[in-house]
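Q: Below you'll find the structure I mean.
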Amino acid sequence: GGVMKHIGTVVLETKRCILRPFVLSDARAMFERWAGDTEVTRYLTWPAHKNVQETEQVISAWISHYKEADFYQWCIVDRETQQAIGSIAAVKVLEEIEAVETGYCLSRAYWGKGLMTEVYTAVLEFFFEIVGVNRVQASHDARNPASGKVMLKCGLSYEGTRRMGARNQSGICDIVLYGKVRQ
């Protein structure tokens, strides 16, 4: 279906944050605040970065994709400090069902402040209102319920658990599925 109107990683704003494309100079902050933190990556599908060069390589790859209209990878910036504090992305674009799968991570220093809920709300609004998706889906390791709380607060519904249905940095895990569809 040609219903989705892809416009790529455009700048989005929330009360406390600005969401923008990554630039190479974000590498140090990204490495130090989240990508190099094993506590942050514990339940993610990618391992913590060993050094800032690894983070630079990842950002470089993202930058090369920004010209693609269906590539969505935002850097979450704290409005007050102008510091990069996390990322949120469409990890999959599922054209055939007019859906996106989202993923996010946030610096541990910012956990528990309702920031991810604020950011994810803006991203959901962007996908439903601007891009015109019919569905947004997300998932998390069953051992990481905090991630699911964000999904619920943002209006996604629990759709089931795939037992031993995924693998991440903690090994094979139960994966909890959430979704929201256009009304």
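The values are calculated or read from the model by the stated rules, or taken from the named source; none is laboratory data. This is a predicted model, so every value here is computed, not measured. Cβ: placed from backbone, ideal geometry, glycine included. Neighbour counts: every protein chain shown. Ligands, DNA and RNA are stripped out before the accessible areas are found, and what is left, the full protein with its side chains, is counted by its heavy atoms. Shrake-Rupley method; radii C 1.70, N 1.55, O 1.52, S 1.80 Å.
Matching residues to (1) acidic (Asp, Glu); (2) modelled with pLDDT under 95; (3) in a loop (DSSP other than H, G, I, E, B); (4) within 18 Å of residue 91 (Cα to Cα):
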residue: 40; (1), (2), (3), (4): no, yes, no, yes
residue: 44; (1), (2), (3), (4): no, yes, yes, yes
residue: 47; (1), (2), (3), (4): no, yes, yes, yes
residue: 54; (1), (2), (3), (4): yes, no, no, no
residue: 62; (1), (2), (3), (4): no, no, no, yes
residue: 70; (1), (2), (3), (4): yes, no, yes, yes
residue: 75; (1), (2), (3), (4): no, no, no, yes
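Q: Another one. Scan the range 1-34 for residues that are open to solvent by less than 20 Å² (accessible area, probe 1.4 Å), in a helix (DSSP H, G or I), in contact with a helix residue (DSSP H, G or I) (Cβ under 7 Å, 6 or more places away or on another chain) and within 13 Å of residue 107 (Cβ to Cβ) and jot them down.
A: Selection gives 26, 30, 34.
Q: Right, another one. On the given criteria, is residue 97 surrounded by fewer than 18 Cβ atoms within 10 Å (Cβ to Cβ), aliphatic (A, V, I, L, M) and touching a Lys or Arg at 6+ places or on another chain (Cβ under 7 Å)?
A: Spelling it out, residue 97 is indeed surrounded by fewer than 18 Cβ atoms within 10 Å (Cβ to Cβ), aliphatic (A, V, I, L, M) and touching a Lys or Arg at 6+ places or on another chain (Cβ under 7 Å).
Q: Evaluate the range 73-90: report whether one residue or more is under 22 Å from residue 176 (Cβ atoms), in contact with a Leu (Cβ under 6 Å, 6 or more places away or on another chain) and in contact (Cβ under 8 Å) with a residue 40 or more places away in the chain.
A: yes
Q: Exactly one condition in (1) open to solvent by 10 Å² or more (accessible area, probe 1.4 Å); (2) of a type in the set (Ser, Thr, Tyr); (3) touching a Ser or Thr at 6+ places or on another chain (Cβ under 8 Å) is false for residue 157; which is it?
A: Every condition holds for residue 157 apart from (3).
Q: Give the range 73-82 a look and list any residue that's surrounded by 14 or more Cβ atoms within 10 Å (Cβ to Cβ) and more than 15 Å from residue 8 (Cβ to Cβ), or say none.
A: Answer for the range 73-82, where residues must be surrounded by 14 or more Cβ atoms within 10 Å (Cβ to Cβ) and more than 15 Å from residue 8 (Cβ to Cβ): 76, 77, 78.
Q: Which of the following residues is surrounded by fewer than 17 Cβ atoms within 10 Å (Cβ to Cβ), in contact with a helix residue (DSSP H, G or I) (Cβ under 9 Å, 6 or more places away or on another chain), basic (Lys, Arg) and at pLDDT below 95: 135, 167, 143, 182?
A: Every option except 182 fails the conditions.
Q: Out of 107, 64, 25, 60, which single residue is under 27 Å from residue 148 (Cβ atoms) and among the hydroxyl-bearing types (Ser, Thr, Tyr)?
A: Testing whether each residue is under 27 Å from residue 148 (Cβ atoms) and among the hydroxyl-bearing types (Ser, Thr, Tyr) leaves just 107.
Q: Being among the aromatic types (Phe, Trp, Tyr) and touching a residue at least 60 places away in the same chain (Cβ under 8 Å) is the filter; apply it to the range 35-72 and report the residue that is most open to solvent (accessible area, probe 1.4 Å).
A: Per the stated criteria, the residue is 46.
Q: Count, please, the residues in the range 105-128 that happen to be among the aromatic types (Phe, Trp, Tyr) and open to solvent by 40 Å² or more (accessible area, probe 1.4 Å).
A: Total meeting the criteria: 2.
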